Amino acid sequence: MTRILYYHPQSNFSRKIRILLTEKKVDFQLQEVNLRDKPPSFLEISPIAKVPVFMDEDGTIIWDSSLIAEYIEEKYPQPAFYPSNFKERFSCRKWEELADTLGDNIISLWLMNLTNNVNPSFFRTRLENSINRLIPFFENQLSQTEYLLGGDTWSMADISALCSFGYYDLRLNEDWKLTYPHLKIWFEKLHKIESVKSTIPPKMF
Ligand SMILES: N[C@@H](CCC(=O)N[C@@H](CS)C(=O)NCC(=O)O)C(=O)O
């Protein structure tokens, strides 16, 4: 059976897994899902009705990007994208979670802008505040270290974060690069990597 990644080309969470699988040289097929009209066959394998979903060669189905990443790391350990040391791995997961929260907030803000772009709402302000509070954590860390966990190599924390910032570019704007110079350098450096460059979310809608 072929491994399949159910995904959407604009999805930051799908992009995490596309980069990870490519870096680990694990063969897989991409299966695009129409998120505006999800087919019943997709809903059958995805109780949360979201991409990404990964189907492994033995038929194992996993949803949620962080769970998929953990599964892939366990099954295909090299090269490693989570540290083996318990404390460092926990730190990596914390950054991944922060980056995913940022991604979730950007998605919600974009959807809110689509549906209600006239009056600023309480919820929009709350999302904007949350996004603007989260970003400096990344900037502060990257002003001290080259990658989010320190050390001289990227990890799943960097992958998740670059996907959320890439999604910010797609849905909001690129102004954060003017305000946060260390983030900008880190982001541009990672975009020299083929798996990162080739998965930049396209403008479709
Ligand atoms: N926590 C999930 C979030 C996945 C998610 O929000 N996916 C979005 C695309 S980036 C989606 O499928 N949205 C479709 C919908 O909500 O209807 C993960 O990490 O995989």
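The values are calculated or read from the model by the stated rules, or taken from the named source; none is laboratory data. Being a predicted model, the structure only gives us computed values, none of them experimental. Cβ placement follows ideal geometry from the backbone for every residue including glycine, while neighbour counts extend to all protein chains displayed.
Does the stretch 74-91 contain at least one residue that is within 18 Å of the chain's Cα centre (by Cα), within 14 Å of the ligand (Cβ to nearest atom) and surrounded by 19 or more Cβ atoms within 10 Å (Cβ to Cβ)?
Checked against the condition, which is being within 18 Å of the chain's Cα centre (by Cα), within 14 Å of the ligand (Cβ to nearest atom) and surrounded by 19 or more Cβ atoms within 10 Å (Cβ to Cβ), the stretch 74-91 yields no hits at all.
Residues that are surrounded by fewer than 13 Cβ atoms within 10 Å (Cβ to Cβ), more than 20 Å from Ile107 (Cβ to Cβ) and out of contact with any Pro (no Cβ under 8 Å at 6 or more places or on another chain): does the stretch 3-20 have at least one?
No, the conditions are met nowhere in the stretch 3-20.
Quick check: is even one residue across the stretch 80-94 at pLDDT 95 or above, closer than 26 Å to Asp56 by Cβ, assigned to a helix (DSSP H, G or I) and in contact with a Leu (Cβ under 7 Å, 6 or more places away or on another chain)?
Yes; the residues of the stretch 80-94 include at least one that is at pLDDT 95 or above, closer than 26 Å to Asp56 by Cβ, assigned to a helix (DSSP H, G or I) and in contact with a Leu (Cβ under 7 Å, 6 or more places away or on another chain).
Spot the failing condition for Thr125; the list is (1) under 16 Å from Gln10 (Cβ atoms); (2) surrounded by fewer than 18 Cβ atoms within 10 Å (Cβ to Cβ), and only one is missed.
(1)
Go over the candidates Leu134, Leu149 one by one and state the one that is in contact with a Ser or Thr (Cβ under 7 Å, 6 or more places away or on another chain), under 20 Å from Arg93 (Cα atoms), not in a loop (DSSP other than H, G, I, E, B) and not acidic (Asp, Glu).
Within the list Leu134, Leu149, the selection yields Leu134.
With at positive phi and at pLDDT 95 or above as the only criterion, which of Gly59, Gly103 stands out?
Answer to the selection: Gly59.
Any residue at all in the stretch 108-121 that is surrounded by 13 or more Cβ atoms within 10 Å (Cβ to Cβ), part of a helix (DSSP H, G or I) and either touching a strand residue (DSSP E or B) at 6+ places or on another chain (Cβ under 6 Å) or among the aliphatic types (A, V, I, L, M) (or both)?
Yes: the stretch 108-121 contains one or more residues that are surrounded by 13 or more Cβ atoms within 10 Å (Cβ to Cβ), part of a helix (DSSP H, G or I) and either touching a strand residue (DSSP E or B) at 6+ places or on another chain (Cβ under 6 Å) or among the aliphatic types (A, V, I, L, M) (or both).
For the stretch 145-173, which positions are buried (at least 22 other Cβ atoms within 10 Å of the Cβ) and of a type in the set (Val, Ile, Thr)?
Correct list: Ile159 only.
Find the strands (runs of 3 or more DSSP E) located wholly in the stretch 20-72 whose residues include 1 or more that are out of contact with any helix residue (DSSP H, G or I) (no Cβ under 8 Å at 6 or more places or on another chain) and more than 14 Å from the ligand (Cβ to nearest atom), and list them.
29-32
With the checklist (1) farther than 19 Å from Phe13 by Cβ; (2) part of a helix (DSSP H, G or I); (3) touching an Asp or Glu at 6+ places or on another chain (Cβ under 8 Å) in hand, flag the one item Asn140 doesn't pass.
Evaluating Asn140 over (1) farther than 19 Å from Phe13 by Cβ; (2) part of a helix (DSSP H, G or I); (3) touching an Asp or Glu at 6+ places or on another chain (Cβ under 8 Å) leaves (3) as the failure.
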